[in-house]
Amino acid sequence: MNINVEDYEKLGAFYLGRGYDLKQGKVQDDLLLYDSKDLVTHGLVLGMTGSGKTGLCLAILEEAMMDDIPAIVIDPKGDIANLMLTFPDLQGSDFRPWINEEDAVKKGKTPDEFASQQAEMWKNGLAEWGQSGDRVRTLRDKVDVRIYTPGSSAGLPVSILSSLDVPPFEILDEPELFSDCIESSVSSILSLLGIDADPILSREHVFLSQVFSRSWSAGENLSLEKLILNIQSPSFDKIGVIGLESFYPQKDRMALAMQINGLLASPGFASWLNGEPMDVKQFLRDSTTGKPRVSIFSIAHLSEKERMFVVSLLLNQVQGWMRGQSGTTSLRAMLYMDEIYGYLPPTADPPSKKPLMTMLKQARAYGLGVLLATQNPVDLDYKALSNMGTWFLGRLQTERDKMRVLEGLEGAAATQGAAFDRAEMEQILAGLGNRVFLLNNVHEDGPVTFQVRWVMSYLRGPMTRRQIKQLMDPVKAARQASGTETSEAAGVASAAPADKKENVRAILPSGVKEYFLRIRNPRSNVELIYLPAVLRSAEVYVSDSKLDVDGTMKINLITRIRAAADDIAWDESEEIDVGPAQMDASPFEPCTFGELPGRLLNASFYKETATDFENWIYRERGMNLLKSPAIGLHSKPGEAEVDFRARVKLAAAEERDRRVEALREKYRKEGEKLEDKLRRAEIAHEKEVAQARSAKMSSLISIGSSVLGALMGRKKLGVTTMRRAGTSMRSMSRAWEQGKDVDHAEDKIEAVQEDIKELEKQLTTEMDEVRSTMDAAAETFEEVTIKPLKKNIDVKAVGIVWVPAYRVSDFELEQAWKD
């Protein structure tokens, strides 16, 4: 079968393979296109080793990437990093660094020969499924794939400090979610210490939960350092109605603090403190370009307790991000876990279970599709199974696995209000082979079997840390080149190595506040210097009834100071996302300080600056909003273009899905009429065939008896014989007429079948038109500006902000507060 790109490259449709006839053991012509919005009700991939489970999961991720859908992937085994092995030129030299040389030896090939063989196999495999190097190139260009390795520098490192920051308002505002978030965070930390703590009975768990609750409720972020201080000197003296010393004495608290301090001080733990913060928004999209990302968290190198620690904290962050999103019925993002064993068990309650269960119940309302994969269905919580709308079932290992799957399918069907045929399902499961899966989707009429298409990524098997490092080193180099700036480029004062005045922090006038930008990745072996800058911060209220806009715009500016020239570079001010509330009140020790010009020690400077700042906002600034002419949406106050474009694309996807469903409903009704017409035509045809057969038989018998009567009686053809012959000829004529009726009935069937084909063609054409017109990826936005009233400008802060930087050489500083 020749497969054309236009047959499957459709927005909102995942090309996963082709139908498979289990009885004949053959791949069929019909393509399996899975509606992306169906994944909003979550999916489960089950299959034993060798079933093709990894290939199917990669195919789903590839199709999500082709549809600009970002994903966070938790990879306990190292297989999903293969997603980065995309070679559009399909040359052996591209495959050569990634082949398994042991496989080459087994095949009796040199590494180069084996690499060329793999390249040829991938080229042919892709072509067989209607794909080419061009599609591979599109896949690679569409999405930014990154591999994070917590606790290791092989891939991109992740800092766990930010994962203890105050959760978003949507979590704080719901007591149950807030409690679950605290419980999961505390359980994760204690599990890292080797403490298996019960949330209700364990003193450590109850005490730390109080620390987290009070800190987060007060808007205070936590770090491991702050956690240790809170353990030593908590801000409360009671747990419930029992005095703190009776419940958890100082001596025991100090022992817990020492355990955490030992963890923090260990050389191996330093890698946990460096790297990007756990910012889900950044994991899903590039903040500058809006390009979707697939962020893979490779945790194969970690111990079991470390894995649980990372997974639990990450799931809490995803849950917090999810609750901050608007509702949608279309797929906004994916969360995929390659092997769920141990993280969602049927009886135990590990720290990962609550956030996972919460997302399985609630994520569909926010457009977050959760996809889980495992070999062992018996090790999954039954309630979790009942929340899965799509099941991809491969070859299973034991009868026990099959029975658990059937129970889960039955429960899921009942939850979703769908029909379920247990006997049919059991028969299908028994016949599945390699790369052949049963798709049971509650949004479709019944289950289908299919063979997974050839994946575009090269499946070389689990990645080692060395190989991950090889993949991510170019990414690190590019980020370092763009992120390492001299002090001039970073918007802070230049550092003079011979100037020793910088060791003393200037004393500011009474009433003038000072702030400290928070250090992202603390270093212990590099000199830290704080350089002064002027901070101006304001909140501006704007409204426009026509645009239905009513919101507040926050403006935070830092302006570098040229200390040597006693000059402030007002025209080079930098606008930042961090406000005074997100800055520290004290410096990170040990450190030194840059010099502050004399005029900044005068209180009148700050009053004049505040007035000038208010006038500048009124004169120069307004709320700039973007408008999408195609969708009719406008951006929200403070919403970046990349975020607005993502929202427009999601709205376009929702409208696309709504229109596609409306078309399906419209054509379904017309199709039912034609199917009814076809059934009636087939019944009429069967009746005509039966009548024609009867008439033909009757005429043959009549003619035969007339002729035989004349021949066997050796008589002349008398009148009676002639009459019989005449009757027989009339019977023959009726049989011939009846035959014409059969032909006419067959023509009717063919005509209805043609009408059905034409209806299907019209539906496909109209669906394709909807999908093409609702593609908002390249839309040009219009800009709308709303000017503020002067009375609505509220200057919140004018003061000094100390900007941290590392002295990397005598004449070069590297900023320390940006990622």
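The values are calculated or read from the model by the stated rules, or taken from the named source; none is laboratory data. Just so you know, these numbers come straight off a predicted model, no measurement behind them. Using ideal geometry, Cβ is built from the backbone for each residue, glycine included, and neighbour counts are taken over all protein chains shown. In case anyone asks, the SASA skips ligands and DNA or RNA and just uses the protein heavy atoms, side chains included. Shrake-Rupley method; radii C 1.70, N 1.55, O 1.52, S 1.80 Å.
Numbers for the structure displayed
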| quantity | calculated |
| --- | --- |
| Condition broken by ILE568, with the remaining ones in (1) under 41 Å from the mean Cα position of the chain (by Cα); (2) open to solvent by less than 20 Å² (accessible area, probe 1.4 Å) satisfied | (1) |
| Qualifying helices (runs of 4 or more DSSP H) (wholly inside region 237-327; at least 3 residues being at positive phi and of a type in the set (D, E, K, R)) | none |
| All positions within region 191-227 that are open to solvent by less than 20 Å² (accessible area, probe 1.4 Å), part of a helix (DSSP H, G or I) and touching a helix residue (DSSP H, G or I) at 6+ places or on another chain (Cβ under 6 Å) | LEU192, HIS205, LEU208, VAL211, PHE212, LEU224 |
| Check on LYS37, under 15 Å from the mean Cα position of the chain (by Cα) and of a type in the set (Lys, Arg) | yes |
| Conditions (1) modelled with pLDDT of 75 or more; (2) open to solvent by less than 90 Å² (accessible area, probe 1.4 Å); number of the one not met by GLY704 | (1) |
| Hey, LEU224 within 27 Å of VAL158 (Cα to Cα) and touching an Asp or Glu at 6+ places or on another chain (Cβ under 8 Å) or not | no |
| Residue under evaluation SER36, criteria (1) surrounded by 18 or more Cβ atoms within 10 Å (Cβ to Cβ); (2) modelled with pLDDT of 95 or more, criterion not met | (2) |
| Residue within region 124-145 that is hydrophobic (A, V, I, L, M, F, W, C), touching a strand residue (DSSP E or B) at 6+ places or on another chain (Cβ under 6 Å), open to solvent by less than 50 Å² (accessible area, probe 1.4 Å) and closer than 28 Å to ALA64 by Cα present | yes |
| Criterion (surrounded by 20 or more Cβ atoms within 10 Å (Cβ to Cβ), aliphatic (A, V, I, L, M), in contact with a strand residue (DSSP E or B) (Cβ under 7 Å, 6 or more places away or on another chain) and not in a loop (DSSP other than H, G, I, E, B)) met by exactly one of ILE69, ILE60 | ILE60 |
| Residue count for region 520-549, restricted to those that are over 15 Å from PHE593 (Cα atoms) and either part of a strand (DSSP E or B) or open to solvent by less than 20 Å² (accessible area, probe 1.4 Å) (or both) | 11 |
| Search result, residues across region 581-617 that are in contact with a helix residue (DSSP H, G or I) (Cβ under 8 Å, 6 or more places away or on another chain) and surrounded by fewer than 17 Cβ atoms within 10 Å (Cβ to Cβ) | ARG599 |
| LEU344 being in contact (Cβ under 8 Å) with a residue 40 or more places away in the chain, within 13 Å of the chain's Cα centre (by Cα) and open to solvent by less than 20 Å² (accessible area, probe 1.4 Å) | no |
| Enumeration of residues in region 43-62 that are modelled with pLDDT under 95 and acidic (Asp, Glu) | none |
| Residue among MET425, MET403, MET388 that is out of contact with any Lys or Arg (no Cβ under 8 Å at 6 or more places or on another chain), among the hydrophobic types (A, V, I, L, M, F, W, C) and assigned to a loop (DSSP other than H, G, I, E, B) | MET388 |
| Lone unmet requirement of (1) assigned to a loop (DSSP other than H, G, I, E, B); (2) modelled with pLDDT of 80 or more for ALA419 | (2) |
| First in region 150-179 and over 12 Å from TRP216 (Cβ atoms) and surrounded by fewer than 18 Cβ atoms within 10 Å (Cβ to Cβ), second anywhere and among the β-branched types (Val, Ile, Thr) and at pLDDT 85 or above, Cβ under 8 Å, 6 or more apart | none |
